[in-house]
1. Go through the range 121-151 and give me each residue that's farther than 27 Å from residue 221 by Cβ, out of contact with any Ser or Thr (no Cβ under 6 Å at 6 or more places or on another chain) and crowded, with 20+ Cβ neighbours inside 10 Å.
2. For the range 21-60, enumerate the residues that are more than 18 Å from residue 241 (Cα to Cα) and exposed (fewer than 15 other Cβ atoms within 10 Å of the Cβ).
3. Select from the range 81-93 the residues that are free of Cβ contacts under 8 Å to residues at least 40 places away in the same chain and not charged (D, E, K, R) and list them in ascending order.
4. Select, from 88, 63, the only residue that is open to solvent by 40 Å² or more (accessible area, probe 1.4 Å), over 22 Å from residue 200 (Cβ atoms) and modelled with pLDDT of 95 or more.
5. Quick check: anything in the range 66-80 in contact (Cβ under 8 Å) with a residue 60 or more places away in the chain and among the β-branched types (Val, Ile, Thr)?
6. Could you list, in sequence order, the residues of the range 105-119 that are more than 20 Å from residue 192 (Cα to Cα) and not in a loop (DSSP other than H, G, I, E, B)?
7. When residue 38 is evaluated against the numbered criteria (1) in a helix (DSSP H, G or I); (2) farther than 25 Å from residue 200 by Cβ; (3) small (Gly, Ala, Ser), which criterion, by number, is the only one it fails?
8. Does residue 176 qualify as being open to solvent by less than 20 Å² (accessible area, probe 1.4 Å), modelled with pLDDT of 95 or more and in contact with a Pro (Cβ under 8 Å, 6 or more places away or on another chain)?
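The values are calculated or read from the model by the stated rules, or taken from the named source; none is laboratory data. A quick note: this is a predicted structure, and the numbers were derived from the prediction, not measured. Note: ideal-geometry Cβ built from the backbone for every residue, glycine included; neighbour counts use all protein chains shown. Note: areas computed on protein heavy atoms with side chains; ligands, DNA, RNA excluded. Shrake-Rupley method; radii C 1.70, N 1.55, O 1.52, S 1.80 Å.
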Amino acid sequence: MAGKTPKLREAPLPRLSASKLKLYDACPKRYAWRYVLGHKDYPNIYGFLGSSVHKAIQNKYLNPEGSTAYYFQQAFSSMLSPDIEHANKAQDLYAQAMLWIEAFDHTQYTPLLADGKPVLEKYFRLPYSIDGEPVCTLEGYIDFVGDTGGSLFAVDWKTGKEVYSKRKVQKDLQFIIYAWALEQLYHRKPDYIIYHRLRSQTKYAGYVFDRSPLDAIILRLLQDPLEYTHSICSASCPSYCGIRKYASETKEVRSD
């Protein structure tokens, strides 16, 4: 009796995210360093600051009677460690961020509720198709999903120095992915997505999100052999870039 034909196991789709795609778009070499060779960038104070601010705002929505400043102090002190990049700037950054937190009004957004709780840090991992063919999965976290007067929207809180415009919001890969993900999750297009810069309390809403730039960069990445050869980058890279740290520690000479 002939044996059963073994079932072929399908290869999993590549897992991509807005941060991976934006890193590849900015520097394919650094993408390969992180996601092909498996190295990591060094933890830095700015990342810890952003995480702490986000945590404080989330706690305020979950526990409105509490103090946002207290939530931030707790989150920041629990995350901070002396071995992270630019730890000497912690005190100044903490004072700046406290001003952003105190100026933030959590009542300006009405959260979408799920099981009676606001939808915060909404995780998604969904198959993404181009021309009807699944090519990857896209995953990520959406800071805040809101529902005001029947309008579905998302908010992304930014703590960095970069300033977005309305045009940049609608062209940014992260917001394009958010718009697509919300449609998959809630079976209708979001009415808008808000970029909220906490440093200045500046807000811009994007309404139209064209997926063609997203398709283009996904296809470019998937077709790239990502062959990595180590050489030192220019000084324009961020100081916490793992390649630059490796270069300084091994005292390699930079070649642009």
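1. Within the range 121-151, 144, 145 qualify.
2. We begin by selecting, within the range 21-60, every residue more than 18 Å from residue 241 (Cα to Cα); these are 51-60.
Of everything in the range 21-60, just one residue is more than 18 Å from residue 241 (Cα to Cα) and exposed (fewer than 15 other Cβ atoms within 10 Å of the Cβ), namely 51.
3. 81, 82, 88, 91
4. On the way: 88 fails: modelled with pLDDT of 95 or more.
Matching residue, one of 88, 63: 63.
5. Start the filter on the range 66-80 by keeping residues that are in contact (Cβ under 8 Å) with a residue 60 or more places away in the chain, which leaves none.
Scanning the range 66-80 turns up no residue that is in contact (Cβ under 8 Å) with a residue 60 or more places away in the chain and among the β-branched types (Val, Ile, Thr).
6. Of all residues in the range 105-119, those more than 20 Å from residue 192 (Cα to Cα) come to 115-117.
The one that is more than 20 Å from residue 192 (Cα to Cα) and not in a loop (DSSP other than H, G, I, E, B): 117.
7. Every condition holds for residue 38 apart from (1).
8. Details: open to solvent by less than 20 Å² (accessible area, probe 1.4 Å): yes; modelled with pLDDT of 95 or more: yes; in contact with a Pro (Cβ under 8 Å, 6 or more places away or on another chain): yes.
It is true that residue 176 is open to solvent by less than 20 Å² (accessible area, probe 1.4 Å), modelled with pLDDT of 95 or more and in contact with a Pro (Cβ under 8 Å, 6 or more places away or on another chain).
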